[in-house]
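So the structure is just underneath, and the comments pick up after that.
The values are calculated or read from the model by the stated rules, or taken from the named source; none is laboratory data. All values reported here derive from a predicted model rather than from experimental measurement. All Cβ positions, even for glycine, are placed from backbone atoms using ideal geometry, and neighbour counts span all protein chains on display. Side chains included, ligands, DNA and RNA excluded: accessible areas come from the protein's heavy atoms. Shrake-Rupley method; radii C 1.70, N 1.55, O 1.52, S 1.80 Å.
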Amino acid sequence: MSTEGKERIITTQRLLEKKQRGEKIAMLTTYDYTMGRIIDSVGMDVVLVGDSAANVMAGYDTTLPMTLDHMIYHAQSVVRAVKKAMVVVDLPFGTYQGNSKEALHSAIRIMKESGADAVKLEGGKEIIESVQRILTAGIPVMGHLGLTPQSINKFGTYAVRATEEAEAEKLVADARLLEEAGCFAVVLEKIPATLGTRVAKELSIPMIGIGAGSGVDGQVLVMHDMLGLSKDFSPRFLRRYASLYDDVKSAFERYVDDVKSGNFPNDKEQY
Ligand code: KIV
């Protein structure tokens, strides 16, 4: 593991200052070195090594099968590439809930073995002891409220969260708890835009939305989704910035054709 040459342009303090200046924060997931290098060249503020790797890299239906070793492998690849943005890594399911000592051990492994800058945990009051304990070790923590995919078996659906008042009030209270505990930012996933705006206004730390409307302090998307690498996931909040499924498929098709027809390699493509 090497963090040599990392300029650390984006820190938790820089993110806070961006919120105070009203400057939006750009965050995107990534899981590998090659994409990490491209992402770090465009002025991205935060790179999230998300446990959505379970879905887009490994083909699982949920994020639950991800292990600490899987996350560390992805995080190491990304940290080798990213020199400017802040690298945040998801603590996977089963490595922090209900046992703050284990949570601290998991977070320390991620920081030590990958060289990442911070960890992200899903949940509010239920996991606050874990958040507090990780923070005592000087490890920056990002929260995650609203739709928390690691709890999919409790929710039973990926529908919009906190549409009812009781759940909305719990979300606001949880966001306050996370801020008071010392989290540097919180992801708000798939909640009404009015609620996203309210939480962003009431709290001092940045609220980064994914399907939480435009009134929050920044946005995050899953890289594969925004690149259009798959056609079967189209939530309303997703904007596709490329259609890579079609481009990549066409490249593969042309390669197969060229090999089978003897068109590749040509005279200039051999020794
Ligand atoms: O794992 C992930 O990619 C995430 C984002 C959806 C915020 O947590």
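Of note:
- Whole-Hz ³J(HN,Hα) from phi, Karplus 6.51 cos²θ - 1.76 cosθ + 1.60, for the stretch 40-55, glycine and proline x: 6, 9, 10, x, 5, 7, 10, 10, 9, 7, x, 6, 4, 3, 4, 7
- On full extension, the segment bounded by Thr194 and Lys154 gains 11.9 nm, given 0.36 nm per residue less the C-alpha separation.
- Over the chain: helical MRE at 222 nm, DSSP H runs n ≥ 4 each giving -39500 (n - 2.57), nearest 500: -12000 deg cm²/dmol
- Pairwise centroid distance, computed over Cα atoms, of the stretch 99-117 with the stretch 156-198, Å: 25 Å
- For the chain, with all protein chains in place and a probe radius of 1.4 Å, 52% of the accessible heavy-atom surface sits on carbon or sulfur.
- Antiparallel %, DSSP beta bridges [both residues in the chain], to 5: 5 percent
- For the stretch 12-240, diffusion coefficient by Stokes-Einstein and Kirkwood Rh (Cα), 10 °C, 1.306 mPa s, µm²/s: 92 µm²/s
- Estimated FRET transfer efficiency (Asp257, Thr11; beta-carbon r; R0 51 Å; 0.05): 0.55
- Pairwise FRET efficiency - Arg239 versus Lys125, Cβ, R0 = 35 Å, nearest 0.05: 0.60
- Note on the stretch 216-271: Cα Rg divided by 2.2 N^0.38 Å, N the number of residues, gives 1.73.
- Both radii are taken from the alpha-carbon atoms of the stretch 109-191; with Rh as the Kirkwood radius, Rg/Rh is 1.00.
- Extension gain (nm, one decimal) between Lys101 and Lys231, 0.36 nm per residue minus Cα-Cα: 42.7 nm
- When each of Lys170/Lys201; Lys18/Lys201; Lys24/Lys170; Lys125/Lys154 is checked by Cα-Cα distance, pairs over 20 Å: Lys24/Lys170
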